[in-house]
Amino acid sequence: MTVLKYCGNRSLQDVQLIAKSKADYIGFVFAESKRKVEPKDVKRWLSVVQLETKQIVGVFVHPTVCSVASVLEHVPLSIIQCHGMETVQTVQQLKERFQLPVWKVIHHNLEAWTYMRAWKGVADGFVIDSGRKGAWGGTGISFDWCNVPQYMEEAYKQGVPCFIAGGITPDNVEQLLAYEPFGIDISSGIEENDRKSEKKINKIEQKVKSC
Ligand SMILES: O=C(O)c1ccccc1N[C@@H]1O[C@H](COP(=O)(O)O)[C@@H](O)[C@H]1O
């Protein structure tokens, strides 16, 4: 069954909704974005919400050891997601320092799946997102999903999970599911007026969790 990550949560209400959803992962953005959150706020929300088995993903763009450490002081991340142009060396440093899995985001282009090979043995997972000039993620833009099987195959060879992100909505998720992604990662597609929407989440889950 396809694994689900809901990202870009930015209020207690968002966190409460995701807690009762079927998501496997809950994501918080600690990079410049309208969805950027403060670690202290996340700590406060998590102190009153039970996430049960959901794992917490911290999204960073070009993180340093210091920037990740300042988040970990407050938030018990399970996974670090690197959504920028991080080097293999930086990711290795983060893994050594924090002993946490690191997922590397690859922005889709026709050669991107070959670039995944450079991360073999380093990335503990991949997120393939569509790139857009001026924004690292959360763009609401999808890429041509006929490329999904190539990404899945390379991640499978490396023995790591691979999520598809970018512009996934309740209306198009079925088209993506036809390409059998391991996981999907959604931020803007489950929002209405800048808040996570229960209606949209339910629609997504009717389709994703029935496959
Ligand atoms: O969600 C954001 O605002 C964001 C900002 C900076 C880096 C990553 C961000 N989120 C990631 O973007 C994709 C999903 O985007 P969308 O569904 O198209 O809105 C996902 O990987 C999020 O983790």
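The values are calculated or read from the model by the stated rules, or taken from the named source; none is laboratory data. This structure is a prediction, so every number in the text was calculated from the model and none was measured. Note that each Cβ is placed from the backbone with ideal geometry, even for glycine, and that neighbours are counted across all protein chains shown.
Quick one: Ile190 ticks every box in (1) without any contact (Cβ under 8 Å) to a residue 60 or more places away in the chain; (2) among the aliphatic types (A, V, I, L, M); (3) in contact with a Lys or Arg (Cβ under 6 Å, 6 or more places away or on another chain) except a single one, so which number is it?
(1)
When only residues in the range 28-61 that are of a type in the set (Lys, Arg) and farther than 13 Å from Leu72 by Cα count, which is nearest to the ligand (Cβ to nearest atom)?
Keep residues of the range 28-61 that are of a type in the set (Lys, Arg), which gives 34-36, 40, 43-44, 54.
Going one step further and asking which of them are farther than 13 Å from Leu72 by Cα, we end up with 34-36, 44, 54.
Numbers: Lys34: 6, Arg35: 4, Lys36: 8, Arg44: 20, Lys54: 15 Å.
My answer is Arg35.
Filter the range 165-181 down to the residues that are within 22 Å of Trp136 (Cβ to Cβ) and out of contact with any helix residue (DSSP H, G or I) (no Cβ under 6 Å at 6 or more places or on another chain) and list them by number.
Ala165, Gly166, Gly167, Asn172
How many residues are in a helix (DSSP H, G or I) and either over 17 Å from the mean Cα position of the chain (by Cα) or small (Gly, Ala, Ser) (or both) if we restrict to the range 178-204? Lay out the reasoning, then the answer.
Filtering the range 178-204 for residues in a helix (DSSP H, G or I) gives 188-190, 198-204.
When the remaining residues are screened for being either over 17 Å from the mean Cα position of the chain (by Cα) or small (Gly, Ala, Ser) (or both), the result is 188-189, 198-200, 202-203.
Result for the range 178-204: 7.
Taking the residues in the range 118-144 that are buried (at least 21 other Cβ atoms within 10 Å of the Cβ), in a loop (DSSP other than H, G, I, E, B) and within 7 Å of the ligand (Cβ to nearest atom) as candidates, determine which candidate is farthest from the chain's Cα centre (by Cα).
Trp136
Do we find that Lys54 is within 20 Å of Gly125 (Cβ to Cβ), in contact with a Phe, Trp or Tyr (Cβ under 7 Å, 6 or more places away or on another chain) and among the basic types (Lys, Arg) in this structure?
The answer is yes for Lys54.
Considering (1) aromatic (Phe, Trp, Tyr); (2) modelled with pLDDT of 95 or more; (3) surrounded by 19 or more Cβ atoms within 10 Å (Cβ to Cβ), say which one Trp113 fails and leave the rest.
(2)
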